[in-house]
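Worksheet: one structure, shown below.
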Amino acid sequence: MQLDLSNKEFRRLLDLVYIGNWILNSTRGDDRIRDYDEVESKIFSYCRSIGADNLITVEDGEIVASRAYEEGGIHEAIMDYEDTVFFEILAEELARRDMAFEPITRENYDELAERIEDYIEEFEENGVEHITVDK
């Protein structure tokens with residue numbers, strides 16, 4: 001297989017590969033899915049051919065993203081995604097709790113959606129500032 005990418009497209013591909021592997025492996029500890037690490041390493045190895053050596057480093061004989069790459073904004077993008085997902089899941093779980101976790105049907109879907117939107121608005125305005133846990 002051969003891909004014909006501009007340098008800009010290749011740089012975007014690096015980001016996609018890195019983010020994908022981060023999502024799949026970052027929480028796995030020693031139980032990483034090595035196949036994804038290997039694909040990431042292979043894709044990052046092409047940085048040399050376009051003169052982007054600053055984006056890679058070698059660790060334990062494997063090509064990985066360099067500190068410069070990792071500190072270049074990619075983790076901010078991941079954190080933005082994680083924050084959004086966190087608040088969306090929290091909003092849905094709280095809305096479902098408010099509805100006693102009844103099964104979602106056509107009849108109650110609009111109510112659920114409205115409750116989720118209310119929570120999302122609250123989180124956008126105040127983050128988690130007003131969340132409390134009663135013991």
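Just so it is clear, none of the values below were taken in a lab; they were calculated from the coordinates. If you're wondering where the values come from, they're calculated on a predicted model, not measured in any experiment. So basically every Cβ, Gly included, is an ideal-geometry build from the backbone, and we count neighbours across all protein chains shown.
Quick notes
- Alpha-carbon spread of region 7-65, three principal axes, descending order, Å: 33, 24, 15
- Under conditions of 20 °C and 1.002 mPa s, region 43-86 yields 185 µm² s⁻¹ as its translational diffusion coefficient, taking Rh as the Kirkwood radius over Cα pairs in the Stokes-Einstein equation.
- Label-point separation, Ala113 to Ser6 (7 Å along Cα→Cβ), nm: 3.8 nm
- The Rg/Rh ratio of region 78-126, with Rg taken over Cα atoms and Rh as the Kirkwood radius over Cα pairs, comes to 1.03.
- Separation in nanometres of the label points that stand 7 Å from Cα toward Cβ, at Thr84 and Arg106: 3.1 nm
- Computed over the chain, the Cα gyration tensor eigenvalues convert (square root of 5λ each) into semi-axes of 41, 16, 15 Å, ordered from largest to smallest.
- The value of relative contact order for the chain, using C-alpha pairs under 8 Å at least six residues apart, is 14 percent.
- The Cα center of region 8-36 and the Cα center of region 63-135 differ in position by 23 Å.
- Projecting the Cα atoms of Ala100, Ser66, Tyr46 onto the charge dipole of the chain, computed from C-beta unit charges around the Cα centre, puts Tyr46 farthest toward the positive end.
- Net length gained if the chain between Asp60 and Asn126 were fully extended (0.36 nm per residue, minus Cα distance): 19.3 nm
- Glu76-Asp134 pseudo-label distance in nm [points 7 Å out on the Cα-to-Cβ vector]: 4.1 nm
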